[in-house]
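Here is the structure we will look at, set down as structure tokens.
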Amino acid sequence: MQSISGYLYRQAIELIIMDTGPHRENTLVYAKPLQIYKGIDNTIKLLIKNQDQKLQNLLDSTIVFNLISSDNHELVFTRTCTVSINKGVATLTLDEINLNDVAAGVYNYSVKIISGEGEPKIVYADDNYNAQGQARVNDTVYPQFVPSLQPTLGPFYNNNPSASGYSVADAMFSDVMEVFNRVKSRSTMQTVQYYGSGFTGTVVIQGSLSATLTAYPDDWFDVTEENFDNFSGCMFNNILGKFGLVRFKITTVGGTLDKILYRP
């Protein structure tokens, strides 16, 4: 039987408050980069010391962490840390949702302390007056949020099939979505969510085995059909299958189908 070892590390950053010139006997040779992982909450411990390597009293102080772009030096975000009852310890928490809009890459970070009297003080990443540390945002460790697809529902008034949808007789076809690369397994559950306002009619989900929309396919087949009677609000259903292309055939008797969200 195979055995897989896993390790739990608590990231800790050593930071230094300096009131005098650098003490060469305590020079920090290598300040390791801060690792930030998208897709999960990140909890990081800050250890704030003086030049004699003694942890400092942080009670009544406010610790502020800044993440800064290394390209244009713009502020990405600011977080206030939680001061621990333990001397010299503060905790930085970066929530998963707050990292969704932060691109992976190399950043800089800085930290400052605001005393109970409102006096700000620089905190250094090492004891040679380097006030910026390096942070790396990684996005390849955990699955990332991918927004649902939202097909365009018209109105369409031409009878020529195209990627942007068309209408024929009493039916309207949405634009076509390429989903081959979004569905990884042979048969995966997919979710369709409908939003309507007094909608009466039918919606037929149609699939094609064509992998890409290089030419409008002629192999469309019905996957499932939903019937609506004066439907308002939102509802969803699940389908199983492996398709290259997906579109929606909508027949309206009354009301409107406002929006469809499709999550392969």
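Taken together, the values in this text are just the output of simple stated rules run on the coordinates, not laboratory data. On a predicted model such as this, the values are computed, not experimentally measured, just so you know. Don't worry about glycine lacking a Cβ; one is built from the backbone with ideal geometry, like all the others, and counts go over all protein chains shown.
Normalising the average separation of contacting C-alpha pairs (under 8 angstrom, six or more residues apart) by the number of residues puts the relative contact order of region 166-263 at 46 percent.
In region 166-263, the C-alpha radius of gyration followed by the widest Cα-Cα span (Dmax) gives 13.5, 38 angstrom.
Note on the chain: lysine pairs with Cα distance below 27 Å, sequence gap of 8 or more or different chains, count 26. Tell me which label goes with the value of Cα Rg over 2.2 N^0.38 Å computed from the coordinates here: [x] 1.52; [y] 1.03; [z] 0.91. Label of the calculated value: [x].
What size of dipole, in debye to the nearest 20, comes out for region 166-263 about its Cα centre when the only charges are +1 on Lys and Arg C-beta atoms and -1 on Asp and Glu C-beta atoms? Intermediate values should be presented prior to the final figure.
Values: 8 positive and 10 negative charges, 104 e Å.
The calculation lands at about 500 debye.
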